[in-house]
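Asker: Pasting in a structure now, in structure tokens, and then I'll have a few things to ask.
Read-outs: derived from the displayed coordinates by stated rules, not from any lab. Given the structure is predicted, the values throughout are model-derived calculations rather than measurements. Because the Cβ atoms are built from the backbone with ideal geometry, glycine has one as well, and the counts that use them run over all protein chains shown.
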Amino acid sequence: MAGVGADRRPGAAQLATAAGALIAVGAATVVGVAEWAHRRASGRLLGPGAAPEPAGTVAVVVLGYPATAHGATHPLQRWRCRIGARSLPKDRDGFLVFTGSAVHGPWVEAEVMAAYAREHLGVPADRIRTETRARTTWQNIEFTIPMIENADRIIIASDPMHAARARRYLRAQRPDLAERLAPADDYRFLERWWLKIPTAAHESAAITRRRAGAAAAPVLHRMGMLPRSAAAVAALEDRSD
């Protein structure tokens, strides 16, 4: 009888197969959720400028990210540069604005990314601008506004979820300019899926913090710690990255 019972127990190969299947399903689920989140974010918070127009200047703001410790372009920087370059119409007046200072290390994000766009993506130097003071996404928008406010259409280039957050920041800072927001060519199915997972997790955490702050605003108002105004609620925005 002991021998019969032993035969019924799953072997190591069966257990390994089952574990592998579970891991594969879990990995596919994570990738699928990240794809869905980025695809959804890609079309959010756009203005009437989302509709194609036959003429006008296009400004594409490419949000910065730190270079590697040795000054080489980080994979996330390269992805953002590619999104920015392909979002800039070749047959219309327009330019890219790379924004970001030396936040982590001596390498200025905007300069590293601008060089990559020129040298590897073929973007002409006369279609590139740089903003080198911003240390956060909020500042990326704040400090590029003087450079883009005369453009007819404004595009924000980054991973889709990050770009959606930046569009919301532009709406908070300059609602009039937010009306000119047009879509970037930022979502392509399974493109850089290994980067979409951590960026989706990071942006989801930012959304959670923002919603927690919005929920706390009425309580703080009742306690006399916060005036009831749109500016006060906006002050609860997480602007640390």
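Asker: Rank these for me by crowding, W107, W194, going from fewest to most other beta carbons within 10 Å.
Answerer: Least crowded to most crowded, the residues run W194, W107.
Asker: Whose amide H sits under 5 Å from the amide H of L63, counting only residues 5 or more places off or on another chain, with H placed in the peptide plane?
Answerer: Hits under the 5 Å cutoff: A157.
Asker: Let me ask something additional. For a quick check: sort D159, D152 by the number of other beta carbons within 10 angstrom, fewest at the front. It would help to have the intermediate numbers written out before the result.
Answerer: Working: D159 28, D152 16.
With the fewest neighbours first, D159, D152 line up as D152, D159.
Asker: Given 0.36 nm per residue, what is the gain on full extension from A12 to A24 after removing their alpha carbon distance, in nm?
Answerer: Residue separation times 0.36 nm, minus the Cα-Cα distance, leaves 2.5 nm.
Asker: In what sequence do T132, T208 fall when counting other Cβ within 10 Å, fewest first?
Answerer: Ordered from fewest to most neighbouring Cβ atoms within 10 Å, T132, T208 come out as T208, T132.
Asker: Let me ask something else. Taking the mean number of other Cβ atoms within 10 Å as a proxy for protection, how do you rank 80-89, 134-143, 29-38, 195-204 from highest to lowest?
Answerer: 80-89, 134-143, 195-204, 29-38
Asker: Next up: Pull up all non-local amide H partners of V103: gap of 5 or more, or a different chain, and H-to-H distance under 5 Å with H placed in the peptide plane.
Answerer: Those lying under 5 Å, H to H, from V103 are E109.
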